[in-house]
Structure formats: structure tokens, C-alpha cells
Amino acid sequence: MTISTPHAADFVAKPEALAVRPETPFDDAWIEHLHEVSFGPGRFARAAFRVRERFAADPSLCWIAELGGKRAASVRMTPISVGGVNGYLLGPLMTDPAFRKQGAGRTLVMHVCDLALAREGIAFVLLVGDQAYYGPLGFAPTVPNAITFPGPVDPARVLVHSADAEMGAKLSGPVARFITR
Ligand SMILES: CC(C)(COP(=O)(O)OP(=O)(O)OC[C@H]1O[C@@H](n2cnc3c(N)ncnc32)[C@H](O)[C@@H]1OP(=O)(O)O)[C@@H](O)C(=O)NCCC(=O)NCCS
């Protein structure tokens, strides 16, 4: 599948010291701490967290970015479906405050999106986040309130990335379990 959306490498000067690798069980405690630092005490009430509570993340799409050999950022992806269409929910994406603004976040987003969208039967990557950050990475708005989460979300922050430019207009329904065919 050809993805014509932008790649991090197009606009991020990727430092030599930046590398990505799959998450391992040894990262669990560090990721949990980063989650607390990044989202605070309200983190468990977030709608995206509630989705991830119901459906397990896909370990093959949970990645770590390292800067200079030190853990800098984390991203996880959860398989979901919306309106009978399979895709992934991206998040949480978090960069250690000591390593921000060095391209780690954007590199991880583009890396896991490329991996996911190259898979057969995967039509989209969905997330709840800021258009200003994710727009340049290929994420587009969805129809306000068309996609429902297990908890309130700001409809303007529900964004989708897909090889199909119309995906944002098409997706409708609750965030549901990934459909195994
Ligand atoms: C958002 C986050 C992951 C970005 O990580 P990062 O590794 O610093 O990201 P990058 O280095 O790839 O990009 C940094 C750039 O994005 C900008 N940026 C960061 N958050 C942004 C936001 N919410 N909206 C718009 N721009 C944002 C930075 O100002 C910086 O801009 P610059 O390149 O002009 O200096 C990090 O700030 C973070 O962990 N925040 C707390 C958790 C969070 O909000 N996660 C996203 C949930 S949707």
C-alpha cells in the first residue's frame, strides 16, 4: 500500500542519536511513570484511556524512541474498529520532558503509522489530540461526534490518518473491538 502522507523525515532533522526500538516488559515501569508525569491524576478518566482499558494494545506496535541511548519517548497502538472498519487507536504518545522538541514524538508517530497502515485490512489510525501537532503528520479532522468514545471527547480533537483522503468523512460509530475476520 502506498501512503502519500508526509513522513517525519520530510521536516524533522532527525538527530544521529535518535533511534527507535520495540517496547519490552522492562519499559513498563518507566512508561507508567511517564504517563503520570505527562497526564497527571486525570489520566485514568481520559476517553482514550478507557478504550485502551477495554482493548489490549498490540505489542508489535508499541515503540520506544531513544536519544543518545537513553529512553526518551513512548507510543502505543490499540487495535479497534469503527463502523465495521478496522484500524488502530494511537496513544498515549509521551516524551520525557528532558527530551522534548528533538523529534522523538513525531518520529514515533510516523513510524507506527507506517507499520500499521502497511498491514492488510488496516484502514486508519485514529487519535484524540491537537490538530496543530498531528496535522503536519498527516492527521485530518473527522466528522464532529460521528465517532463515539467511552467517555466525552472534544470532537475537534478526534483526528484520523489514512491512505484514503475521505476516511475522516466516512468513519462513523462507536469505537469497538477489532474485527477478526
Ligand atoms: C506532545 C509530545 C509527545 C511531543 O513530543 P516531542 O518529542 O517534544 O515532539 P517533537 O520533538 O516531535 O515535536 C516538538 C514540536 O511540537 C510542538 N508541540 C508539542 N506539543 C504540541 C501541541 N500540543 N500542539 C502543537 N504543537 C506542539 C513543540 O512546540 C515543538 O515545536 P518546534 O519543533 O517548533 O519546537 C510531548 O510534548 C508530550 O509528551 N506531551 C505530554 C503528553 C501529550 O500531550 N501527549 C500527546 C497526547 S495527544
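The values are calculated or read from the model by the stated rules, or taken from the named source; none is laboratory data. No experiment lies behind these values; they were computed from the predicted model shown. So basically every Cβ, Gly included, is an ideal-geometry build from the backbone, and we count neighbours across all protein chains shown.
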Report task. Under 9 Å between Cβ atoms, at least 6 apart or on separate chains: pull out the pairs that start in segment 16-38 with a residue that is among the hydrophobic types (A, V, I, L, M, F, W, C) and end on any residue that is away from the ligand (no atom under 12 Å from the Cβ) and assigned to a loop (DSSP other than H, G, I, E, B). Result -> 17/68; 17/69; 18/68; 19/69; 31/23; 31/62
Query raised in the report: If you go through segment 135-144 one residue at a time, do you hit one that is of a type outside the set (Val, Ile, Thr), surrounded by fewer than 16 Cβ atoms within 10 Å (Cβ to Cβ) and either within 13 Å of the ligand (Cβ to nearest atom) or modelled with pLDDT under 95 (or both)?
Result: yes
Query raised in the report: Is it true that residue 17 is aliphatic (A, V, I, L, M), closer than 20 Å to residue 149 by Cβ, at pLDDT below 95 and more than 10 Å from the ligand (Cβ to nearest atom)?
Result: no
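Looking at segment 167-178, can you tell me whether even one residue there is of a type in the set (A, V, I, L, M), under 20 Å from residue 24 (Cβ atoms), more than 9 Å from the ligand (Cβ to nearest atom) and within 17 Å of the chain's Cα centre (by Cα)? Spell out how you get there, then give the answer.
Quick first cut of segment 167-178, residues of a type in the set (A, V, I, L, M) only: 167, 169, 171, 175-176.
Now drop any that are not under 20 Å from residue 24 (Cβ atoms), which leaves none.
For segment 167-178, residues of a type in the set (A, V, I, L, M), under 20 Å from residue 24 (Cβ atoms), more than 9 Å from the ligand (Cβ to nearest atom) and within 17 Å of the chain's Cα centre (by Cα): absent.
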**Report entry** Options 10, 27: the member that is outside any strand (DSSP E or B) and modelled with pLDDT of 95 or more
**Finding:** 27
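Does segment 56-106 hold any residues that are outside any strand (DSSP E or B), closer than 18 Å to residue 123 by Cα and in contact (Cβ under 8 Å) with a residue 60 or more places away in the chain, and which are they? Steps first, answer last, please.
Step one: list which residues in segment 56-106 are outside any strand (DSSP E or B), which gives 56-62, 68-69, 83-84, 96-106.
Still in the running and closer than 18 Å to residue 123 by Cα: 57-58, 60-61, 83-84.
Matches in segment 56-106: 83, 84.
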Query - Those residues of segment 49-67 which are within 21 Å of residue 107 (Cβ to Cβ), of a type in the set (A, V, I, L, M, F, W, C) and out of contact with any Asp or Glu (no Cβ under 7 Å at 6 or more places or on another chain), in sequence order - result: 57, 61, 65, 67
Query raised in the report: If you take the residues in segment 55-75 that are crowded, with 24+ Cβ neighbours inside 10 Å and more than 8 Å from the ligand (Cβ to nearest atom), which one is nearest to residue 138 (Cα to Cα)?
Result: 75
Report task. Would you point out which residue out of 158, 128, 112 is under 23 Å from residue 53 (Cα atoms), within 8 Å of the ligand (Cβ to nearest atom) and of a type in the set (Val, Ile, Thr)? Result -> 128
